[in-house]
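The values are calculated or read from the model by the stated rules, or taken from the named source; none is laboratory data. Keep in mind it's a predicted model, so treat the numbers as computed, not measured. Note that each Cβ is placed from the backbone with ideal geometry, even for glycine, and that neighbours are counted across all protein chains shown. To get the accessible areas, we keep the full protein, side chains included, count just its heavy atoms, and leave off ligands, DNA and RNA. Shrake-Rupley method; radii C 1.70, N 1.55, O 1.52, S 1.80 Å.
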Amino acid sequence: MAVPLLDLKRQYEDFKDEVEQEIIEVARSGYYIGGPKLAAFEKSAAEYCGCKHALGVSSGTDALLVSLMGLDIGAGDEVITTTFSFFATVGVIARLGATPVLCDIDPDTFNIDPAAIEDKITPRTKAIIVVHLYGQCAEMDTIMAIADKHNLAIVEDAAQSIGAEYKGKRAGSFGIAGCYSFFPSKNLGAFGDGGLVATNDDAFAEKLALLRNHGMNPKYYHKMIGGNFRMDAIHAAILSIKLKYLDKWSAGRAANAARYRELMAEAGLEGNIKLPVERENRHIYNQFTILAEKRDELFKCLQEHKIGCDMYYPVSFHEQECFQDLGYSKGDFPVAEDVEQRCLSLPIFTELTDAEICEVVSVIKEFYA
C-alpha cells in the first residue's frame, strides 16, 4: 500500500466549499494585496497566537528577516541560534551581514540546548533566534532568563509550531517577535508562500508594518529602508478559514503520533528506533521525526514500498558549504551530527488512515527483522 508523506487534497475536503467561495469573493473585489481580508486574518491570528499584534508577510523566511531588520541587526552584530533547522533560520542572519553563532541541540527535542547558549554570548551579541522544531517548543524559561540577564532580544522561529505551547503559553509569544510560516505543508498552510510576525510590543509592530512595505508612510515617503514583504489578500482569506480548523488538525496529528507509539511498541522496535520525546507541553507534530538505526537503508526501503518519508535535516548549518567561513569543524556539535545521521520523518498528517499507519509500521518492522 502506498502512503504519502502528505496529501493536501484530503485536507481540502474539510473546507473546500468555504474557501472556493472566499476565493471568488477576493477575485471579484479587485483588492488583492492587504486590505480587509488581511486585517481580519491578522486579528484572529494575533488572538490565536496569544499576542497583541500580528502582521501578515510574504513568507516565513521574510517573517524572520523583517524581524531582524526591526531590531536593526546588521554588520558587526552576532545572533545566536541552533545549528540544526531549516536554512532560513540562519540564512536571514547572514543576509543582513551579521554573524550566525551556532549552538548544539538537545538530544531529545532537537531544539537548541539552553546550556550551550551563555558561553556563546559576546559584546557583539544582539539577539537569539530560538527554533521550536517539528512542532514542540524549546525550553523557554531557561532561554528567557539568559536573554534577560544579558539584555538580548529573542526572536522565535515558530515556522513549524503555530499553536504549540510551553507551560500554557503559545509558541511565538515569548520574545519580541514570533515568526510563522504558512508554506502549504505546515499545519496551517496557505495556497503558496505566506508568513506572519506576532508581537506584544506596540512600537515594534508599528516599525514592522513600515518595513514590510518599503518603509513607506505616507505613500512614496520612506522613513526607512524596508522591503516588499506584503501578504496577498487571497492567502489571508484562505488562512482565515483554515485557522478555524487548525486545532482539529493539530489534534489529529497528535492522535496519529500516539498510534505510531502504540504500534511501534507492539512491534518491539524500541531497540532500533527512538521515538519523538514529548515534553509536558502541547506538541503539534508538524513532523513525526524518529531516530533510526541504519537510517539510509530504512529510507530506501520505505521509498521502495512507496511510503513517503524525508530527512529533516541531513546537513547541519556548520557543515554547509556556504558557512565554511564561520570557522566551525566536524565534531564541534556532536549531538546535531548524530541526529542528522539518524533522523527520519514519517507521514503524520491528520487525514492519514489507521491502515496507512499500520502499513508504515509493518514495513519498518519487516526491515529490522
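Across ASN217, ASN281, ASN228, mean-square fluctuation computed from a Gaussian network of the chain (C-alpha pairs under 10 Å connected) peaks at ASN217. What separates the Cα centres of segment 75-108 and segment 155-231 is a distance of 18 Å.
Highest mobility in the GNM of the chain, judged by mean-square fluctuation with C-alpha springs under 10 Å and restricted to GLY172, GLY76, GLY135, is found for GLY76. Considering only Cα-Cα distances, which of the following residue pairs are longer than 28 Å: LYS294/LYS330; LYS149/LYS248; LYS43/LYS274? With Cα atoms farther than 28 Å apart: LYS149/LYS248; LYS43/LYS274.
Under 5 Å from the amide H of ALA171 lie the amide H atoms of GLY163, ALA164, GLU165, TYR166, each residue being 5 or more positions distant or on a separate chain, with H modelled from the backbone and absent for Pro and chain starts.
In segment 71-219, with Lys and Arg counted as +1 and Asp and Glu as -1 at Cβ, which of these residues, PHE174, PHE110, GLY91, has the Cα nearest the positive end of the dipole, that is, farthest along it? Farthest along the dipole direction, towards plus: GLY91. Helical content of the chain, expressed as a calculated mean residue ellipticity at 222 nm, amounts to -11500 deg cm²/dmol (DSSP H runs of 4 or more residues, -39,500 (n - 2.57) each, divided by residue number, nearest 500). Going by the alpha-carbon gyration tensor, a ≥ b ≥ c the square roots of its eigenvalues, is segment 1-62 rounded (a/c under 1.5) or, if a/c is not under 1.5, prolate (a/b greater than b/c) versus oblate? Here segment 1-62 falls in the oblate category.
Leaving ligands, DNA and RNA out of it, report the carbon-plus-sulfur percent of the accessible area of segment 170-322 at a 1.4 Å probe. Percent of accessible area from carbon and sulfur atoms in segment 170-322: 51. Give a quick list of GluC sites (Glu not before Pro) in segment 241-338 that DSSP marks as loop, anything other than H, G, I, E or B, with at most 14 other Cβ atoms within 10 Å. Qualifying residues, ordered by number: GLU270, GLU280, GLU293. 3J(HN,Hα) along segment 75-92, derived from phi through the Karplus expression 6.51 cos²θ - 1.76 cosθ + 1.60 where θ = phi - 60°, amounts to 4, x, 8, 10, 10, 8, 7, 7, 8, 10, 5, 6, 3, 4, 3, 9, x, 5 Hz, with x in place of Gly and Pro.
Could you list the trypsin sites (Lys or Arg not before Pro) in segment 221-265 that lie in coil according to DSSP, counting only those with at most 15 other Cβ atoms within 10 Å of their Cβ? Mind showing how you got there, number by number?
Working: sites: LYS223, ARG230, LYS242, LYS244, LYS248, ARG253, ARG259, ARG261; in loops: LYS223, LYS244.
Listed in order of number, the matching sites are LYS223, LYS244.
Relative to one another, the C-alpha centroids of segment 319-369 and segment 239-283 are positioned 16 Å apart. Taken about its Cα centre, the chain carries a charge dipole of about 1100 debye when Lys and Arg each add +1 at the Cβ and Asp and Glu each add -1 at the Cβ. Note: relative contact order over segment 263-316, using C-alpha pairs below 8 Å and six or more positions apart, is 26 percent. Label sites at MET1 and SER362, each approximated as a point 7 angstrom past Cα along Cα to Cβ, lie 0.6 nm apart. In the context of the full set of protein chains, residues of the chain present 42 Å² of accessible surface per residue (probe radius 1.4 Å, heavy atoms only).
Out of segment 127-184, which trypsin sites (Lys or Arg not before Pro) are coil in DSSP terms and have no more than 12 other C-beta atoms within 10 Å?
Listed in order of number, the matching sites are LYS167.
Working from Cα pairs under 8 Å separated by at least six residues, relative contact order for the chain is 23 percent. Rank GLY271, GLY175, GLY215 by mean-square fluctuation in a GNM of the chain with C-alpha springs under 10 angstrom and give only the top-ranked residue. With Cα springs under 10 Å in the chain, the top fluctuation among GLY271, GLY175, GLY215 is at GLY271. Here the accessible area of segment 1-74 is 56 percent carbon and sulfur, with a 1.4 angstrom probe and all protein chains present. The DSSP beta bridges internal to segment 125-242 are antiparallel in roughly 50% of cases. Taking amide H as placed 1.01 Å from N in the peptide plane, VAL3 has its amide H under 5 Å from the amide H of ILE307, GLY308, each at least 5 places away in sequence or on another chain. Longest stretch of the chain clear of exposed loop sites (chymotrypsin sites (Phe, Trp or Tyr not before Pro), DSSP loop, at most 10 other Cβ atoms within 10 Å, sites excluded): 1-219.
Over all other residues within a Cβ to Cβ distance under 10 Å of VAL3, the charged ones net out to -2, with Lys and Arg as +1 and Asp and Glu as -1. Scattering from the chain was approximated by placing one identical point on each alpha carbon and applying the Debye formula without solvent; log10 I(q)/I(0) at 0.07, 0.14 1/Å stands at -0.31, -1.20.
The DSSP beta bridges internal to the chain are antiparallel in roughly 60% of cases.
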